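One structure below.
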Amino acid sequence: MSGLLFRRHIASAVSIALSAAMLCSCGSDTAGSEASSQSFIFDTYAQLSVHGGEAKQTLSETEQLFADMSEAFDLCYDTSANYLPENELYADCISRTRELNRLYGESINLYCGELTELWGISTDSPRVPSEEEISEVLERLPDVFAESVPDTAKLDFGAVSKGYACDRAYAALKETDTEYVVISLSSSTLMYGAKPDGKPFRTGLTNPLTGEGYAGIIETDSAFISTSGGYERYFVPQGSTEKYCHIMDITRGGPVETDLASATVIVPSDTPNGGIMSDFLSTLIFTEGTASLEKWLACEEFRVVAIAADGRVYSNCEGFAPDESGGFYYE
């Protein structure tokens with residue numbers, strides 16, 4: 001691999017997906033009005049669990065929805081803007097992301113695919129490009145609000161695609177008589193509906209300092225939950241100890257350098273576009289680091305659990321119960 005030590009923690013992704021299902025008390029067998037499955041989509045392991053109504057049919061339709069979207073979005077930075085008029089998914093996702101850019105900030109740029117491709121951290125051949133290469137790409141990078149995008153622009157939906165997929169699933173589930181559904185796409189999760197016993201959904205928040213175990217448990221009603229961090233997907237050049245995160249900083253043309261280990265955003269499921277919102281914001285908050293946390297913790301429309309690289313935890317989420325045995329300390 002061109003002298004590079006490459007690490008992609010697929011095992012961690014599996015652990016996260018399975019732990020989410022376990023904590024949410026979702027069965028692994030299909031019986032009666034329950035159905036569940038595991039699959040590899042969006043470059044990660046996903047787990048779906050459907051309860052009530054026509055569970056098998058709902059599960060099958062949701063699986064197909066995700067399979068189609070995964071094919072369209074997964075590592076799609078080789079797709080130029082020429083395809084946008086013919087692709088309703090791309091156009092709709094870009095439109096929703098631009099609205100989030102207007103509301104919250106411009107650090108997430110879906111036209112940064114050429115930069116993502118240059119580093120290749122989500123591929124089998126990651127590398128550290130030269131400053132000249134980075135400068136050339138940054139000069140060509142379209143603005144997030146550009147009315148005319150060059151035909152050579154390349155797309156990277158990594159910051160929003162899983163949350164957007166959860167939005168699509170939520171809209172489809174609203175047309176069914178399903179009681180409740182848990183969808184784990186590793187870094188983005190949808191807790192849909194309500195349990196018959198009235199208990200909240202529960203999911204474990206992975207310890208980002210080790211990549212395993214829990215930093216705590218989140219209890220919530222129906223919601224979208226997204227987590228961003230650099231502990232699952234990164235690479236370390238051979239002979240170096242520097243770890244390069246897969247999330248790109250479009251201001252400097254390289255992997256994000258942040259003092260946060262992870263950022264989790266919880267958005268109530270009845271919030272319009274709540275899935276893509278949670279995915280967008282978790283990436284944005286992770287990128288900005290602790291210096292910007294105060295303004296995000298003051299927001300009323302969503303909840304945040306942010307874990308700093310030094311183990312400090314910041315949260316405005318009443319449903320978050322920290323695991324103090326993990327060496328964390330809390331604000």
### Task
Within the range 129-136, identify whether any single residue is surrounded by fewer than 24 Cβ atoms within 10 Å (Cβ to Cβ), without any contact (Cβ under 8 Å) to a residue 60 or more places away in the chain, under 30 Å from Ser240 (Cβ atoms) and β-branched (Val, Ile, Thr), and answer yes or no.
no
### Query
So is Thr258 in a loop (DSSP other than H, G, I, E, B), closer than 25 Å to Ile134 by Cα and open to solvent by 10 Å² or more (accessible area, probe 1.4 Å) or not?
yes
### Query
Can you spot a residue in the range 220-233 that is of a type in the set (Phe, Trp, Tyr), surrounded by fewer than 20 Cβ atoms within 10 Å (Cβ to Cβ) and assigned to a strand (DSSP E or B)?
no
### Query
Within the bounds of the range 288-298, is there any residue that is touching a Gly at 6+ places or on another chain (Cβ under 9 Å) and either assigned to a loop (DSSP other than H, G, I, E, B) or hydrophobic (A, V, I, L, M, F, W, C) (or both)?
no
### Task
Select from the range 46-67 the residues that are surrounded by 20 or more Cβ atoms within 10 Å (Cβ to Cβ) and either without any contact (Cβ under 8 Å) to a residue 60 or more places away in the chain or part of a strand (DSSP E or B) (or both) and list them in ascending order.
Ala46, Gln47, Leu48, Ser49, Val50, His51, Leu59
### Message
Could you tell me how many of the residues in the range 151-163 are in a loop (DSSP other than H, G, I, E, B) and crowded, with 24+ Cβ neighbours inside 10 Å?
### Response
6
### Task
Go through the range 234-255 and give me each residue that's in contact with a helix residue (DSSP H, G or I) (Cβ under 6 Å, 6 or more places away or on another chain) and open to solvent by 10 Å² or more (accessible area, probe 1.4 Å).
Met248
### Task
Please go through the range 297-331 and pick out each residue that is of a type in the set (D, E, K, R) and surrounded by fewer than 14 Cβ atoms within 10 Å (Cβ to Cβ).
Glu300, Glu301, Asp310, Glu318, Glu324, Glu331
### Message
For the range 115-128: of the residues being open to solvent by less than 60 Å² (accessible area, probe 1.4 Å) and not in a helix (DSSP H, G or I), which is modelled with the lowest pLDDT?
### Response
Ser122
### Summary
Within the range 164-196, residues touching a residue at least 24 places away in the same chain (Cβ under 8 Å), aliphatic (A, V, I, L, M) and open to solvent by 10 Å² or more (accessible area, probe 1.4 Å) come out as Ala172, Ala194
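The values are calculated or read from the model by the stated rules, or taken from the named source; none is laboratory data. In this text, all values refer to a predicted model and were calculated from it rather than measured experimentally. Cβ sites come from the backbone with ideal geometry, for glycine too, and all protein chains shown count toward neighbours. These area figures cover heavy atoms from the full protein model, side chains too; ligands, DNA and RNA do not enter into them. Shrake-Rupley method; radii C 1.70, N 1.55, O 1.52, S 1.80 Å.
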